[in-house]
Amino acid sequence: MMKYLPTLFLLLFTTYCEATVVKGLVTDDRHNPLPYATVLIKGTTTGTTTNAAGQYQLDISPGQYTLVCQYIGYRKTETVIQVGSEPQTVNFALLPVNLQIKEVVVKAGGEDPAYAIIRQAIKKRAFYQQQVKEYTCMSYIKGTIKMKGAPNKFMGQKVDKEDMGVDSAGKGMVFLSESITKISFRMPDKMKLEVISDRKSGGGIGMSFPAFISFYDNNVSAVITQMGPRGYISPIAQNALSYYKYRLKGEFLEDGRMVSKIRVIPRRKQEPLFSGYIFITDGDWRIHSTDLILTGEYQLELMDTLRIRQTHVPVSGDVWRIKDQVLQLSIDKFGFRMGGNFVNVYSDYNLHPQFGPKYFDNTFLKYDSAFDKKEVPYWDSIRPVPLEEAEAKDYHEKDSTARANRLAAMKGNTLDSLRKKQKPVKVMDVLWSGVNRKLYFRRDSSIQFNTFHLKGLAQSLKYNTVEGLVLALEPRLQLNPGEEKQLKISPFVRYGLSNTHLNAYTFVTYSSESRIRTRYGRNDWTVGGGKRVSQFNQENPIDNIANEFYTLLLKENYMKLYENWFAQLRYSRTFQTNDRLTVGARYESRIPVENTTDFVIFKNDKKQFTPNHPDDLAQIPFNRHQAFIVDLSFRYQPGQQFIEMPDRKMPLGSKYPTFEIAYSKGIPNVANSVVDFDKWKLSVFDNMNFKLFGEFRYRLTAGGFLNDRNVQIPDFQHFNGNQTFYNTRYLNSFQLAPYYRYSTTAPFFLTANVEHHFNGLLTNKIPLFNRLKWNLVAGSNAFYVNDKNNYVEAFLGLENILKVLRVDVVAGYQSQDDTRIGVRVGFGGLFGNLIKANQ
């Protein structure tokens, strides 16, 4: 592709020089503009789409042409034009189609004639879905999102409307972008996108990814998975008659072909279904155009409505493809009211591209080396959809502001203004919300900054039966030593008021981007040392907040601790493929500690705190000792696809599972180390989306000790139990298992965590649940060490409660114990999954 770019730009420049502008306005018979109407040169896919004001513009070489204008629900109009060297205006006034309704006698048990048409379209669906085995085309995308209103406060915080780019009423353009992308496709699932040019108002990368929506697919993905993880059932899907009702609204003649306008009506609410209209041609039963809508009543998430309008046109012989597609969205959530349009114009279809044998590689999206360097005249010459007045204004103002900021950054007074712009630190910031400061400085004629964060002192407070009330300082300093380099310094200081122990340690992490041969990767070096408090299970199965709640209110101290002087060095290489190699060594001088307080808020003489030494491991001594351990791990996911930028590749994901192998070696006789063991673990995990049938997630692990000559309690294989009501480690824990009862040094163990998220399946048929959009989740967690050490639990729950929460009812079984029943609460659902990801 790169070697042809000079020729491509030469052709574009020549076309621009020789082309003549043909522009105009498309209206209805009452002179109302028709937004997003299709205008093209007859016999080609060269054309454009009108903007929201009904305006269009085409650059055409001199000659005679037939311009075709069409709009859903209106009669297609053609006009012959003679293009010379002077610009000309050609307006279109479209008339509504004269819908003719056949006289139909519906007998008892009969049906609307639309059903016969839909059945024919369903029969032809697979043919049209696979008709084109491979193709290339060009795609122009223009995306706009306008804010129509915004609250003054959100979740107690003031909304900075100036930073959002809107006025005091919360109105204004918050997103505007354009792009030109070449699309290459080969059946069944090979695709490559090459971004020729991309522009975003104010700078940055815009929306370069075309929204591929094919109603010939049984299951239609609407833009992004989060808007509907189950996908949506096409009106002509194989099983569509079970989900939709149809009404024939009329027929009209176009180019000698009868076209039927059919209303699509969902049979039930809370199913992933469209409503609106689909137009089917008579005889060949193909899609002529669509005007379909998704709403929150039909499992659309994030948005209130999403309208999808498509126009299909002949490309070659019997082949029709999408000429233009318009997505219109509206959002009214939490006081934020937004509306947006994403216009896709497809052109230059080539149905016989003759791809080379290695054309489709692991690069899915590739940006040209000059994708973001096109000037305004280029966009004015190549843009198929004219800018609206508000869009032109937004480009001018935000691009001008961006240029002014770049120039200002080179002046001496910019640093002072940036420093003064930061809000002063308040007492409540130090005590509760935390302090965040940017420390600006100048490097190589540009302004850089370091960041400082201090966690609120009140939020840093901790409580446990070993230390009592813990006062802590948790600052973090992130330095910017150079391009693609980062230095993080994270000191931790904690003082226990009950045991009067001071623990302090620091981690320093240096990160840099580097090449190995021609591939980029990230190197992370971490060194740490000092004195700290650690849980016996180093995966920290219980967090501070949960432990404090149970300790102070319920008199149950689940967190078991030891102190240790330590030194640690770790190196991690994250490869361009997102695979990761980690090597580390750590030394600990481990010190047993005991409970020093029994303070609780609500006294309960029927309960006693358990010793700090885990009860279930009481027979295993834990004395002061030293341990030197080397760790090695590697994570690998095959089939990784990439976004290729001009200077590097970024991983995009894979349809295959991720594999992870880890090995730890306890080495004796190094600095008095007594540990002597070899421990291994192999895991495989994945999320599998089955669309209508939900999403299946799993994690399978096998491991054990090859050598267990001297294994201390912190080095055991601990299974992440949970004895609290709260859980978020759904694929790496056992919701009802005790924390240390099943810990082992056995030569082999197996664990399995599986769960299925129904994403609205089944619950969408239950009153109230379907309106609340609470979704069913079910699964099981199990491990096996031997006949006496094994555990299995099954759970059934609801998630997406308030879009955030998940509640499970769990039954746990172990051959040596009675069956346990419990309830667990955590994060799950649309926003809950985002919270888990951040954690």
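The values are calculated or read from the model by the stated rules, or taken from the named source; none is laboratory data. For clarity, every value in this text was computed on a predicted model and none was experimentally measured. Quick reminder, even Gly has a Cβ in these numbers, built from the backbone with ideal geometry, and neighbours come from all protein chains shown.
General remarks:
- Identity of the residue in region 521-533, surrounded by 17 or more Cβ atoms within 10 Å (Cβ to Cβ) and modelled with pLDDT of 95 or more, that ends up nearest to ASP615 (Cα to Cα): VAL533
- Looking only at residues in region 140-153 that are under 30 Å from ARG199 (Cβ atoms) and more than 23 Å from the chain's Cα centre (by Cα), the one that is surrounded by the fewest Cβ atoms within 10 Å (Cβ to Cβ) is GLY149.
- The residue list LYS398, LYS373, LYS366 contains one member that is outside any helix (DSSP H, G or I) and either buried (at least 16 other Cβ atoms within 10 Å of the Cβ) or assigned by TED's automatic domain parsing to the domain that holds VAL21 (or both), which is LYS366.
- Picking from residues in region 167-209 that are over 26 Å from PRO151 (Cα atoms) and loosely packed, with under 15 Cβ neighbours inside 10 Å, the one that is modelled with the lowest pLDDT is GLY204.
- Region 788-839 holds strands (runs of 3 or more DSSP E) entirely within its bounds, and those carrying 2 or more residues that are surrounded by 16 or more Cβ atoms within 10 Å (Cβ to Cβ) and over 33 Å from the mean Cα position of the chain (by Cα) map to 790-801.
- Odd one out for TYR740 among (1) buried (at least 21 other Cβ atoms within 10 Å of the Cβ); (2) of a type in the set (Ser, Thr, Tyr); (3) assigned to a strand (DSSP E or B): (3)
- Residues of region 151-191 that turn out to be touching a strand residue (DSSP E or B) at 6+ places or on another chain (Cβ under 6 Å), on the phi < 0 side of the Ramachandran plot and in a strand (DSSP E or B), as a count: 15
- Whichever residue in region 511-520 is surrounded by fewer than 16 Cβ atoms within 10 Å (Cβ to Cβ) and assigned to a strand (DSSP E or B) and, among such residues, is modelled with the lowest pLDDT: ILE516
- Filter result (assigned to a strand (DSSP E or B) and surrounded by fewer than 17 Cβ atoms within 10 Å (Cβ to Cβ)) within region 754-781: VAL754, ALA778, SER780
- Remark: pairs (first residue in region 178-190, free of Cβ contacts under 8 Å to residues at least 60 places away in the same chain; second residue aromatic (Phe, Trp, Tyr) and surrounded by 18 or more Cβ atoms within 10 Å (Cβ to Cβ); Cβ separation under 6 Å; 6+ apart in sequence or on different chains) = PHE185/TYR135.
- Unique match (being loosely packed, with under 14 Cβ neighbours inside 10 Å, touching a strand residue (DSSP E or B) at 6+ places or on another chain (Cβ under 7 Å), at pLDDT 95 or above and of a type in the set (Ser, Thr, Tyr)) among THR506, THR500: THR506
- Matching residues in region 645-666 - criterion: being over 27 Å from ASN732 (Cα atoms), crowded, with 16+ Cβ neighbours inside 10 Å and hydrophobic (A, V, I, L, M, F, W, C): MET645
- On inspection, ALA627 passes the criterion of being more than 29 Å from the chain's Cα centre (by Cα), under 30 Å from ASP579 (Cα atoms) and small (Gly, Ala, Ser).
- Any chance ILE213 is among the β-branched types (Val, Ile, Thr), closer than 24 Å to ALA392 by Cβ and surrounded by 19 or more Cβ atoms within 10 Å (Cβ to Cβ): no
- Comparison of LEU439, LEU471, LEU487, LEU477 shows that the only residue that is in the same structural domain as TRP525 (by TED's automatic domain parsing), in contact with a helix residue (DSSP H, G or I) (Cβ under 9 Å, 6 or more places away or on another chain) and in a strand (DSSP E or B) is LEU471.
- Only one of the listed residues (GLY276, GLY204) is on the phi > 0 side of the Ramachandran plot and in a loop (DSSP other than H, G, I, E, B). That residue is GLY204.
- Meets criteria (surrounded by 14 or more Cβ atoms within 10 Å (Cβ to Cβ) and in contact (Cβ under 8 Å) with a residue 40 or more places away in the chain) for ASP429: no
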